[in-house]
Each structure stands twice: as C-alpha cells, then as structure tokens.
C-alpha cells in the first residue's frame with residue numbers, strides 16, 4: 001500500500017481526502033500545520049504528498065521548495081484555494097508534480113494520485129478499461145460502449161460510471177458517490193446521485209446498476 005501524506009489545515013477537507021484515499025487502498029497520514037508537515041515530509045517514509053498552500057506555521061510554498069531540494073523523487077500534488085495563474089505557475093516551477101484548485105472532485109484527485117504513483121516505464125497503476133457485462137469504459141480515451149456501440153456520456157456520467165465499475169460488486173452509498181464524483185462541498189441532501197443513476201440506466205442498460213434498498217448502489 002502506498003503511504004500518502006496529506007498536509008491540510010481545514011479538517012473537513014483533510015478528513016474527506018483521507019477517507020477517500022483509505023477506501024481506495026492507500027494509507028493516508030494527515031498533518032494540519034506547516035511545521036509538522038515539513039518534518040513529516042522530510043523524515044517520513046511517504047510515496048506522495050497532497051499539500052495545501054495556505055498553512056499555519058510554514059507556508060506551503062516553503063514546504064514545496066524544501067521537498068523539491070531534499071527529496072526530489074517525492075511527488076507533490078498541490079491542493080489549494082489559490083486558483084490564480086501566478087499561484088499555479090509558482091507551484092509548478094517550485095517543484096509540484098501537479099496542481100488542483102478547490103473545490104475539487106475526489107475522482108479527479110484519485111486519478112492524479114494514481115498517475116503520479118505509476119512506475120516510470122511500467123504498467124499503469126489501474127487498468128485502462130473497465131467492464132461489466134456488455135458495458136465497457138475506455139478510460140484512456142474517456143469513452144463508453146455497450147457491446148460494440150459507442151454511447152455518449154457527459155463528463156459527470158462517465159465519472160459516476162467509472163466509480164461504480166471500479167468498485168464492481170461493492171455497495172456504494174449516495175454519500176460515497178457524492179464525495180467521489182461531485183466533491184466534498186456538495187449538498188449531502190441532494191438527490192443528484194439518483195438522477196444520474198437514472199441517466200446511466202437509460203444510456204447503458206437498466207440492468208447495469210442495482211439498487212440496494214437503504215444502502216446505495218452496486219454494479220455486478
């Protein structure tokens with residue numbers, strides 16, 4: 001299991017990220033200030049860092065500079081509310097492997113984490129295709145098929161289908177699907193998941209997604 005250091009002072013976000021990473025088989029460690037974060041980053045046995053820029057104690061840019069200088073092999077994904085071009089350029093030039101602005105969707109963060117942990121020149125960390133019955137998702141080209149026929153899905157529909165097929169055989173609650181596809185800041189009382197499940201059934205087949213009453217949804 002890959003160990004991931006999450007340096008984030010907003011507890012709601014750090015908890016959201018840590019729970020999602022743990023559910024995907026990673027081992028997350030959360031640190032909420034820059035001083036401790038830098039110490040963990042330089043001395044801990046981590047495979048990747050998710051780093052906020054606005055931290056108490058030490059600024060995220062300082063942590064990024066130190067990690068880039070002392071542990072250049074350790075990839076850092078910057079996760080921040082600073083979405084200006086200057087902040088993006090400064091982070092990437094400072095050594096960040098990737099950059100994401102808040103609010104964000106966990107599915108996108110997960111894809112970037114997996115990409116940065118993929119062995120150089122080695123096989124992909126995840127398959128480029130997902131299948132369930134006659135449904136096939138081509139993740140590289142972001143396309144969906146039923147049999148040999150291509151089916152047009154919106155970006156959100158494709159993300160939802162990807163999460164469901166990735167966890168094939170597992171029951172996923174509405175809250176889990178909201179977190180993975182819509183992000184930590186989405187209204188948990190919304191029925192948007194049910195609406196999009198309906199879209200997938202209409203486009204990919206009514207038998208694809210099973211409703212598990214009181215628990216959520218499952219793809220077999």
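The values are calculated or read from the model by the stated rules, or taken from the named source; none is laboratory data. Remember, predicted model here, so these are calculated numbers, not experimental data. Note that we place each Cβ from the backbone using ideal geometry, even for glycine, and neighbour counts take in every protein chain shown.
Numbers at a glance
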read-out: Residue 108, sole failed condition from (1) in contact with a helix residue (DSSP H, G or I) (Cβ under 9 Å, 6 or more places away or on another chain); (2) within 30 Å of residue 218 (Cα to Cα); (3) modelled with pLDDT under 90; (4) surrounded by 19 or more Cβ atoms within 10 Å (Cβ to Cβ); value: (4)
read-out: Residue match in the range 45-55 (condition: on the phi < 0 side of the Ramachandran plot, in contact with a strand residue (DSSP E or B) (Cβ under 9 Å, 6 or more places away or on another chain), crowded, with 19+ Cβ neighbours inside 10 Å and modelled with pLDDT under 90); value: yes
read-out: The lone exception for residue 11 - which of (1) at pLDDT 90 or above; (2) buried (at least 20 other Cβ atoms within 10 Å of the Cβ); (3) under 19 Å from residue 183 (Cβ atoms) it fails; value: (2)
read-out: Hits in the range 129-152 (condition: modelled with pLDDT of 90 or more and part of a loop (DSSP other than H, G, I, E, B)); value: 133, 134, 147, 148, 152
